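What follows is a short report on a single structure.
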Amino acid sequence: MNESLPASGPESRVAGFVLAGGLSSRMGTDKALAKFRGEPMISIALKTLRRVCAEVAISGNRDDLGAWARVVREARVEAGPAAGIEAALAATACEWVLMLPVDLPLIPAELLHRWMDQVLAQDGVRASYLECDGNWHPALCLVHQECLEIFRQGLERGDRKLKRIFSLFGDRLLVLDAATLWPNAERYFANVNTPEELATAERMQY
C-alpha cells in the first residue's frame, strides 16, 4: 500500500501501536480481522506503522491478535481509546507513541512520517492529533511519555473523552490540519466502521 521509508529521522524515538480494542458492533464482525482489499485491516495497520516506527505492537485486550504482533493489554475494561493510549505509554521505553486506529486502512505511511517530523521538531509539544476536513481524529495521535500520568488521572476520574483529556495539555498540544501534510488528505481519513463504509473505502482511488 505504501512504499518503504528510509531508516532515518524520528523512527527510533517513536513506538507505533495499533488501537484494536473496539467492540466492532457496527461492523457486525471483528473489525481488526475484516479484509480490506483482500488483507486483514490489522495487517495493513501494522505494515504502515513498521514503515515509520522501529517498535510496533497492538494495544487492546486481544490475545487472539498475538499472531500478528505483540499485544499490550489495557488495564481498564471498556474505557475506550484513552485506555489503549495509557497502556501503550506504559509498555514502551520509547520517548513517544504513535497510535493508529485499526479502522483507518487508507492512511499513507509518508503522511505519518511528515507529521512525526513536524511534531518532534517543536520544543515543548507533548501531544498532537490531526484534523481533516472539519473532522477531529484524536485517536490518531502522537503522545509523549510525559503524558502518561495525565491519561491515568483522567481515566481514574472516569473521563474517557480523548479531546477532553487532550485539552488538559494547553499549549503543549499541537492540532494539525492533515491537508498541510498531504494534498487532498480527506480521502485517506474514511473510517471503516460498517460493511457499507468498508465497501465505499475499497472503491476509493489513491
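The values are calculated or read from the model by the stated rules, or taken from the named source; none is laboratory data. Computed from a predicted structure; not experimentally measured. Heads up, the Cβs are rebuilt from the backbone with ideal geometry, glycines too, and the neighbour counts pull from every protein chain shown.
Miscellaneous remarks
- Sole residue being aliphatic (A, V, I, L, M), under 18 Å from the mean Cα position of the chain (by Cα), part of a strand (DSSP E or B) and at pLDDT 95 or above, chosen from Val119, Val143: Val143
- Residues of the range 174-194 classified as assigned to a loop (DSSP other than H, G, I, E, B) and closer than 11 Å to Leu130 by Cα, total: 2
- Residue list for the range 74-85, filter: surrounded by 15 or more Cβ atoms within 10 Å (Cβ to Cβ) and either part of a loop (DSSP other than H, G, I, E, B) or of a type outside the set (Gly, Ala, Ser) (or both): Glu74, Arg76, Ala79, Gly80, Pro81, Ile85
- Yes/no for Glu86 being touching a helix residue (DSSP H, G or I) at 6+ places or on another chain (Cβ under 6 Å) and among the acidic types (Asp, Glu): yes
- Condition broken by Asn61, with the remaining ones in (1) within 27 Å of Asp177 (Cα to Cα); (2) more than 11 Å from the chain's Cα centre (by Cα) satisfied: (1)
- Complete set of residues in the range 156-193 that are in contact with a Leu (Cβ under 9 Å, 6 or more places away or on another chain), under 25 Å from Gly124 (Cα atoms) and surrounded by 14 or more Cβ atoms within 10 Å (Cβ to Cβ): Ile165, Phe166, Leu174, Val175, Leu176, Ala178, Leu181, Trp182
- Answer residue from the range 50-61, given it is closer than 18 Å to Lys31 by Cα and touching an Asp or Glu at 6+ places or on another chain (Cβ under 9 Å) and is surrounded by the most Cβ atoms within 10 Å (Cβ to Cβ) among those: Ser59
- Flag if Asp171 is over 16 Å from the mean Cα position of the chain (by Cα), part of a helix (DSSP H, G or I) and farther than 22 Å from Ala54 by Cα: yes
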